[in-house]
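Visitor: Below are the structure tokens for one structure; questions will follow.
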Amino acid sequence: MNKNMKILIVDDFSTMRRIIKNLLRDLGFTNTEEADDGSTALPMLQSGNFDFLVTDWNMPQMTGIDLLRAVRADDRLKHLPVLMVTAEAKRDQIIEAAQAGVNGYVVKPFTAHALQDKIEKIFERVNG
Amino acid sequence: MTHDEIIQDRLQQAVVERAESLQASLAEGDWATASLLLEQINDIRNQPLHDEVAKLTRELHSAILDLQIEGSNPHAQEMSQINDANERLHYVMKMTEKAANDTMDLVEASAPLVNYISYEAQSLTADWQRFTRREMPLEEFKDLARRIEAFLLRSLHDSDQMSGHLNDILLAQSFQDLTGQVIKRVTELIGYVDQSLTRMGGMAKTVDQVAGIEHDHETLQKGSQMQYDTSKGEGPQIRADKAEDVVSDQVDVDDLLSSLGL
């Protein structure tokens, strides 16, 4: 796994962005940027050469699921690995995310281990 | 006799009392008196409805006063408990956010201290083992001794700082007491508002009964603004262990995803 890959963290709560950023740094990923909503994240993704997207679901303007759909609908972004880190825990929602093309799904509250595990699985699959 | 029977009785009595005069005035062609008598009978028939409406209006008024949201009151804005609850919840948000950030500041400030101790201890251990195996020239040992002294001094200083950080992290959790108290009061208010609204709902039902109005509940439900769309997100599930359609933990999520081939 390329520890230098560029990661975008999207969450409307700055504390959660900070937690994820710290956990990622602990895992050796230091090349991270942040966005506070799907609507601000999408233009960053379109112009920023990101290798990985970590997004929340519930955000005020554009939700994470809509961001995921927009990413999959964009020819240049459609292969971007996406990990959802969210409090949304309904079975229907997880199925909805899977159908929209999510690569991993972590429910909050989560552990550092769960985050690491999902990231490793995603990149095993992407690279394998 | 029930309330309804009393009303019925009173109405009958009124009709009987006026029947004779009504007949007489009709026979005489005195339309003015006849219509006056009919109006009186009508009023007596409507009296219970008026009484009921007046009673309901009074109750509605008192329910609104209880909620302290009456628009005509110039101090409504300041008095409104709902408004107050809003401010209280904002306070909770501010406090929890501050506590989270303070804690993370302290964790971030502590990490380099721990990293230094770990890194330098590893390096010194390797050199110390070389020394115990007598593989170290004297000149190098002098350097090692200096490094060990520096390490000990810095460890002393850093561990002081670390224990200060740990104490501050502990103190940052005191938000829980304050926000807990605030949330408890807001919860009480919600219970109170719920009661008042239930009372108002009961009144609305009585109005409907008295006035003989029927509502199409399906249309009312459709007009309600509280429509849930799971795509918009619902936030944390409070009763994940009890709800059937909700995953209870990450293992559950993983099982579901692998059943979908992910």
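The values are calculated or read from the model by the stated rules, or taken from the named source; none is laboratory data. Here the structure is a predicted model, which means the values were calculated and not measured. In this analysis, Cβ positions are derived from the backbone assuming ideal geometry, glycine residues included, and neighbour counts consider all displayed protein chains.
Visitor: Checking B:Lys242 against (1) charged (D, E, K, R); (2) assigned to a helix (DSSP H, G or I); (3) more than 10 Å from chain A (Cβ to nearest Cβ), which test does it fail?
Guide: (2)
Visitor: Here are the criteria: (1) buried (at least 16 other Cβ atoms within 10 Å of the Cβ); (2) more than 8 Å from chain B (Cβ to nearest Cβ). Tell me which single one A:Val106 does not satisfy.
Guide: That leaves (2) as the condition not met.
Visitor: A further question follows. Please enumerate the residues belonging to region A:102-125 that are more than 22 Å from B:Ile238 (Cα to Cα) and part of a strand (DSSP E or B).
Guide: If the condition is that a residue be more than 22 Å from B:Ile238 (Cα to Cα) and part of a strand (DSSP E or B), then A:Gly104 is the only one that fits.
Visitor: Which of the residues spanning region A:75-102 are farther than 18 Å from B:Val247 by Cβ and free of Cβ contacts under 8 Å to residues at least 40 places away in the same chain?
Guide: A:Asp75, A:Arg76, A:Leu77, A:Lys78, A:His79, A:Leu80, A:Val82, A:Gly101
Visitor: Residues that are away from chain A (no Cβ under 14 Å), farther than 23 Å from A:Met16 by Cα and either basic (Lys, Arg) or exposed (fewer than 14 other Cβ atoms within 10 Å of the Cβ) (or both): does region B:102-119 have at least one?
Guide: So far as region B:102-119 goes, yes, one or more of its residues are away from chain A (no Cβ under 14 Å), farther than 23 Å from A:Met16 by Cα and either basic (Lys, Arg) or exposed (fewer than 14 other Cβ atoms within 10 Å of the Cβ) (or both).
Visitor: Is it true that B:Ser196 is within 30 Å of B:Met93 (Cα to Cα), among the small types (Gly, Ala, Ser), touching a residue at least 40 places away in the same chain (Cβ under 8 Å) and in a helix (DSSP H, G or I)?
Guide: yes
Visitor: Here's a follow-up. For region A:15-26, name all the residues that are loosely packed, with under 15 Cβ neighbours inside 10 Å and either without any contact (Cβ under 8 Å) to a residue 40 or more places away in the chain or within 17 Å of A:Pro81 (Cβ to Cβ) (or both).
Guide: A:Arg25
Visitor: When A:Phe29 is evaluated against the numbered criteria (1) crowded, with 19+ Cβ neighbours inside 10 Å; (2) within 13 Å of the chain's Cα centre (by Cα); (3) not charged (D, E, K, R), which criterion, by number, is the only one it fails?
Guide: A:Phe29 satisfies every listed condition except (2).
Visitor: What do you reckon, is B:Ser231 out of contact with any helix residue (DSSP H, G or I) (no Cβ under 9 Å at 6 or more places or on another chain), polar (S, T, N, Q), surrounded by 14 or more Cβ atoms within 10 Å (Cβ to Cβ) and facing another protein chain (nearest Cβ under 10 Å)? Reasoning before the result, please.
Guide: Working: out of contact with any helix residue (DSSP H, G or I) (no Cβ under 9 Å at 6 or more places or on another chain): no; polar (S, T, N, Q): yes; surrounded by 14 or more Cβ atoms within 10 Å (Cβ to Cβ): yes; facing another protein chain (nearest Cβ under 10 Å): yes.
Considered against the rule, which asks whether it is out of contact with any helix residue (DSSP H, G or I) (no Cβ under 9 Å at 6 or more places or on another chain), polar (S, T, N, Q), surrounded by 14 or more Cβ atoms within 10 Å (Cβ to Cβ) and facing another protein chain (nearest Cβ under 10 Å), B:Ser231 comes out as no.
Visitor: Among B:Thr187, B:Thr179, which is at pLDDT 90 or above, surrounded by 14 or more Cβ atoms within 10 Å (Cβ to Cβ) and closer than 20 Å to B:Asn86 by Cβ?
Guide: Only one candidate qualifies: B:Thr179.
Visitor: Identify, please: which residue in region B:80-126 is within 21 Å of the chain's Cα centre (by Cα) and hydroxyl-bearing (Ser, Thr, Tyr) and is, among those, farthest from B:Ala172 (Cα to Cα)?
Guide: So the residue we want is B:Ser80.
Visitor: Residues that are within 13 Å of another protein chain (Cβ to nearest Cβ) and modelled with pLDDT of 95 or more, at least 2 per element: which strands (runs of 3 or more DSSP E) completely within region A:1-101 meet that? Outline the logic, then answer.
Guide: Values: elements: A:7-10, A:32-35, A:52-55, A:82-86.
Those strands (runs of 3 or more DSSP E) span A:82-86.
Visitor: For region B:4-41, give me each residue that is surrounded by 12 or more Cβ atoms within 10 Å (Cβ to Cβ) and either within 50 Å of the chain's Cα centre (by Cα) or in contact (Cβ under 8 Å) with a residue 24 or more places away in the chain (or both).
Guide: Within region B:4-41, B:Ile7, B:Gln8, B:Arg10, B:Leu11, B:Ala14, B:Val15, B:Gln40, B:Ile41 meet the criteria.
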